[in-house]
Amino acid sequence: MEAKKLETPQVDLTPYYSHERGFTLLQGDSLELLEAMEPEQFDMIFADPPYFLSNGGVTCKSGKMVSVNKGRWDRSKGVEGNHEFNMRWLAACQRLLKPNGTIWVSGTHHVIYSLGFAIQKLGYKILNDIAWFKVNPPPNLSCRYFTHGTETVIWAARDDDSKYTFNYKDMKEMNGGKQMKNLWNIMSPRKAEKKHGKHPTQKPLKLLNRIVLAASNEGDRILDPFCGSSTTGIAAVEVGRQYVGIDQSDEYLDLSINRFKDLL
Ligand SMILES: C[S@@+](CC[C@H](N)C(=O)[O-])C[C@H]1O[C@@H](n2cnc3c(N)ncnc32)[C@H](O)[C@@H]1O
């Protein structure tokens with residue numbers, strides 16, 4: 001009997017955009033793309049995954065009550081479904097890290113416990129949990145909770161043996177000569193950072209600049225598997241790192257390109 005040929009899914013890794021300054025964007029489903037990429041090619045990963053909080057609630061923006069919904073990509077798949085998703089992309093990222101590479105993962109209480117558990121289950125080594133304090137967060141309109149003013153960013157090495165990069169002296173200098181703590185006071189992105197258009201969950205450049213400078217060196221390769229408007233890419237290229245960003249949305253990738261072109 002003739003052996004049946006196995007169908008292997010074809011994943012297109014052709015860049016959506018690529019520039020010689022080391023700014024590359026891929027368009028598609030991260031889960032598929034990450035699993036199709038060559039292993040051990042990145043020194044650092046920053047991931048700002050869906051927080052799965054777009055479930056019909058409200059929040060406050062510029063003093064007005066608005067829907068909290070960010071888009072279909074941010075709808076919860078249920079606790080189990082969200083955790084399965086987190087396990088899968090975090091495993092794929094671990095395969096893509098060089099032995100001494102590190103990953104940074106941001107989240108709020110909606111996902112951070114699943115992310116932390118997945119990171120531990122997969123054998124990463126947690127190095128820090130950064131408490132990012134947004135300094136001037138919007139008020140809580142329901143008055144039934146404390147105002148949400150922080151996000152957590154977990155920093156982890158690929159495994160227990162990783163001889164990871166930590167630019168300790170640079171961080172100390174940045175902190176006026178004192179050891180930097182894991183409490184970071186950084187404002188949400190200002191208007192000037194959104195002049196090319198808005199991403200509903202855009203991270204501040206200052207946050208990404210600190211992360212890139214803390215855990216990578218010039219020429220290093222940095223991946224962002226949920227890149228949105230490519231705050232990671234802008235911070236990376238500004239200080240001479242190579243960047244690969246992935247997003248499924250043309251709109252956000254076009255916004256990324258416009259932000260990048262502003263640097264040229
Ligand atoms: C939290 S946002 C990232 C925002 C980004 N840090 C910034 O500063 O603009 C998450 C992004 O992941 C993208 N996304 C969600 N699920 C995805 C998937 N399975 N594959 C690719 N992109 C995905 C969304 O389109 C969204 O832009």
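Every number here is computed from the coordinates shown, using simple stated rules; none is lab data. Source: prediction; values computed, not measured. Cβ coordinates were reconstructed from backbone atoms using ideal geometry, including for glycine residues, and neighbour counts include every protein chain displayed.
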Which residue pairs have Cβ atoms under 7 Å apart, sit 6 or more places apart or on different chains, and have a first residue in the range 44-64 that is in contact (Cβ under 8 Å) with a residue 12 or more places away in the chain and farther than 27 Å from Phe166 by Cα and a second that is more than 15 Å from the ligand (Cβ to nearest atom) and among the hydroxyl-bearing types (Ser, Thr, Tyr)? Val58/Ser67
Just name the residue that is nearest to the ligand (Cβ to nearest atom) out of those in the range 172-205 that are surrounded by fewer than 16 Cβ atoms within 10 Å (Cβ to Cβ) and outside any loop (DSSP other than H, G, I, E, B). Lys194
Consider the range 70-89. How many of its residues are surrounded by 11 or more Cβ atoms within 10 Å (Cβ to Cβ) and away from the ligand (no atom under 13 Å from the Cβ)? 3
Could you please give the count of residues in the range 248-264 that are within 17 Å of Glu20 (Cα to Cα), within 19 Å of the chain's Cα centre (by Cα) and of a type in the set (D, E, K, R)? 1
Would you mind stating whether Asp129 is among the charged types (D, E, K, R), loosely packed, with under 15 Cβ neighbours inside 10 Å and within 19 Å of the chain's Cα centre (by Cα)? yes
Can you name the residue in the range 42-69 that is surrounded by 17 or more Cβ atoms within 10 Å (Cβ to Cβ) and more than 30 Å from Ala214 (Cα to Cα) and, of all such residues, is nearest to the ligand (Cβ to nearest atom)? Ser54
Please enumerate the residues belonging to the range 90-108 that are surrounded by fewer than 19 Cβ atoms within 10 Å (Cβ to Cβ) and within 17 Å of Leu183 (Cα to Cα). Thr108
Matching residues, the range 194-219, being more than 17 Å from the chain's Cα centre (by Cα) and under 22 Å from Gly22 (Cβ atoms): His196, Asn217, Glu218, Gly219
Among (1) in a helix (DSSP H, G or I); (2) more than 19 Å from Thr152 (Cβ to Cβ); (3) in contact with a Phe, Trp or Tyr (Cβ under 6 Å, 6 or more places away or on another chain), the one test that Thr232 misses: (2)
